[in-house]
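Please treat every number below as a calculation from the coordinates, not as lab data. All figures in this text were calculated on a predicted structure; none of them were measured in a lab. Every residue, glycine as well, gets a Cβ built from its backbone with ideal geometry; the counts of neighbours run over all protein chains shown.
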Amino acid sequence: MESLVALVHYLEAFTKKDAFRVEIHWTLFNQPFKIMVDTLWEQARPFMVEDVQVYCLSPEDLLFHLCIHTAVQNGFFGIRFLCDIHNTIRYYQDEIDWEILFHLIASRPPMESRESCLSVARDWLATQVPEKVLEQFKPDDFNLELVAKTKEIITKDTNPRIIPENIARLWMPNKSFREKLSIVLKRIFLPPEMLVKIYHAPENSLRVYFYYPVRLKDLLVSHSGTVWRMLRGDKEMQALMTQDNRVSVLMEWMKSN
């Protein structure tokens, strides 16, 4: 279990017919975001659901989570996530402490992803984000072209992450051969702890290393069709690749600051 906690931040969803889908999280995000879970609990707010007291995130923690989820984990795919941000701000309009949110965001770079979410939400959904807040969040190298790309990505009806991120990065023109080789090797030679999780291999056993050839086989089976379509110039795949590269460029700019 300790190995699992080090690699992911939630269990696979529990599903049951005619019941809500349930996911158990022990933190909000994977690395590199460090979340003080004890602080989240201290700031959480109680409310009642069918006579049962439960807790929700504070408005500032909730907004922070939604912005990260929209930009980093979902690559700005779809307007639904912006609607979540808009409705959260509308509901807590008179309660949000923007100064707390700013310090929360500033302590966990990159800030650009959160600023982009708030800026686009205000432009498109008339979300009530104060101008002084956007100015405070805006990075020194703020790039309007990248904001335009963010809006373009949101309006696409196809999720660019249909193509795995690491495969898309192999086709980025600004990547050197050494960088591309490093991407390939890292995807094959995962940490042993991750192989244990993926293949249910015995922990603390040398047998886990025999799963590296299995890992290579699985990657070839899973992605050879995608790679072949890209190599022969498939138009649909090229369109997806162009879209995915836009997301990757945006993500790398955010991570570089």
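Using 0.36 nm times the number of residues separating residue 107 and residue 43, minus their current alpha carbon distance, what extension gain do you get? Before the final figure, lay out the partial values.
Details: separation 64, 0.36 × 64 = 23.04 nm, distance 1.70 nm.
Between residue 107 and residue 43, full extension yields an extra 21.3 nm.
Provide the FRET efficiency to the nearest 0.05 for the residue 235-residue 125 pair, computing r from the beta carbons and using R0 = 35 Å. Show your work: numbers first, answer last.
Working: r = 33 Å, r/R0 = 0.95.
So, using R0 = 35 Å, E works out to roughly 0.60.
At a Förster radius of 51 Å, what calculated FRET efficiency corresponds to the Cβ-Cβ distance of residue 201 and residue 52, to the nearest 0.05? It would help to have the intermediate numbers written out before the result.
Values: r = 40 Å, r/R0 = 0.78.
It comes to 0.80.
What ranking do 85-92, 58-65, 129-136, 41-48 get when scored by the average of other Cβ atoms within 10 Å per residue, highest first?
Highest-to-lowest ranking by the protection proxy: 58-65, 85-92, 129-136, 41-48.
Full extension from residue 228 to residue 98: what is 0.36 nm times the residue separation minus their Cα-Cα distance, to one decimal in nm? Before the final figure, lay out the partial values.
On the way: separation 130, 0.36 × 130 = 46.80 nm, distance 4.88 nm.
This chain segment gains 41.9 nm when fully extended.
Say each of residue 194 and residue 181 gets a label point 7 Å from the Cα, pointing the same way as Cα to Cβ; how far apart are those two points in nm?
2.0
Determine, for 83, 117, the number of other Cβ atoms within 10 Å of each Cβ, and report the residues in order from fewest to most.
Numbers: 83 14, 117 25.
Ranking 83, 117 by Cβ neighbours within 10 Å, fewest first, gives 83, 117.
Taking 21 Å as the cut-off for C-alpha to C-alpha distance, list the pairs among 17/197; 180/217; 186/217 that go past it. Kindly include the intermediate steps, with their values, before the conclusion.
Details: 17/197 27 Å; 180/217 19 Å; 186/217 15 Å.
Pairs exceeding 21 Å: 17/197.
Sort 200, 103 so the one with the fewest other Cβ atoms within 10 Å of its own Cβ comes first. If you can, show how the numbers build up before the last one.
On the way: 200 8, 103 12.
Fewest to most other Cβ atoms nearby, the residues stand as 200, 103.
In nm, give the distance between the simple-model label positions of residue 132 and residue 20, each being 7 Å from the Cα along the Cα-to-Cβ direction.
Output for this residue pair reads 3.8 nm.
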